[in-house]
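Okay, so here's the structure we're looking at.
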Amino acid sequence: MNILIINGPNLNLLGKRETEIYGSETFESYLQLLQVKYPNSKIDYFQSNIEGELINKLQEVGFIYDGIILNAAAYTHTSIGIGDAVKAITTPVIEVHISNTFSRETFRHQSYISPNAKGVIIGFGLKSYELALHSFL
């Protein structure tokens, strides 16, 4: 099974930024653990702080992967374009968030991705990615 994890803005700073919300582990170290734990799945990774690059990646892989795990971060709440890209592709997308977005600022309660996603996993820390992976397995 070929899975792509796509992370949006500021998630390259995991382990350094707001550790009280996001924890102290880097995403790269977590990804290595996932790849070892699930050797029968090919888990690729892409991160960008740029909205258009996220859209380009979704369009590039959205017809060839078995699943996409997408944490669009702040773009979740602002990007109609990313929501439209998820709607346009045939690869199923699971939207994930590390924190419980509903326990945070009100603007984080809106998602332009959720209506077009296969499912949404929110608030389980980095474990959210593994839960999404299980949904594809």
Pull out all pairs, ordered by first then second residue, where Cβ-Cβ is under 6 Å, the residues are six or more apart or on different chains, the first lies in region 21-34 and is touching a residue at least 40 places away in the same chain (Cβ under 8 Å), and the second is not in a loop (DSSP other than H, G, I, E, B). Leu34/Ile43
What number of residues within region 83-110 are over 20 Å from Leu133 (Cβ atoms), within 15 Å of the chain's Cα centre (by Cα) and either part of a loop (DSSP other than H, G, I, E, B) or of a type in the set (A, V, I, L, M, F, W, C) (or both)? 1
Reported set for region 13-41 where residues are over 16 Å from Ile69 (Cβ atoms), open to solvent by less than 80 Å² (accessible area, probe 1.4 Å) and either out of contact with any Gly (no Cβ under 6 Å at 6 or more places or on another chain) or at pLDDT below 85 (or both) is Leu13, Gly15, Arg17, Glu18, Thr19, Ile21, Tyr22, Gly23, Glu25, Ser29
Residues being in a loop (DSSP other than H, G, I, E, B) and of a type outside the set (A, V, I, L, M, F, W, C) - total across region 4-37: 11
I'd like to know if region 50-67 contains one or more residues that are open to solvent by 10 Å² or more (accessible area, probe 1.4 Å), modelled with pLDDT of 95 or more and closer than 24 Å to Ser24 by Cα. yes
Out of the residues in region 114-137 that are among the hydroxyl-bearing types (Ser, Thr, Tyr) and open to solvent by less than 20 Å² (accessible area, probe 1.4 Å), state the one that is nearest to the chain's Cα centre (by Cα). Tyr129
Report every pair of residues separated by at least 6 positions or lying on different chains whose Cβ atoms are under 9 Å apart, first residue within region 57-81 and closer than 14 Å to Asn116 by Cβ, second among the β-branched types (Val, Ile, Thr) and open to solvent by 40 Å² or more (accessible area, probe 1.4 Å). Gly62/Thr90
Picking from Thr106, Thr90, which residue would you name as being polar (S, T, N, Q), at pLDDT 95 or above and open to solvent by 20 Å² or more (accessible area, probe 1.4 Å)? Thr90
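The values are calculated or read from the model by the stated rules, or taken from the named source; none is laboratory data. Fair warning: this is a prediction, and the values are worked out from it, not measured in the lab. With ideal geometry, Cβ positions are generated from the backbone for all residues, glycine too; neighbour counts draw on all protein chains shown. Calculation scope for accessible area: heavy atoms of the full protein, side chains included, ligands and nucleic acids excluded. Shrake-Rupley method; radii C 1.70, N 1.55, O 1.52, S 1.80 Å.
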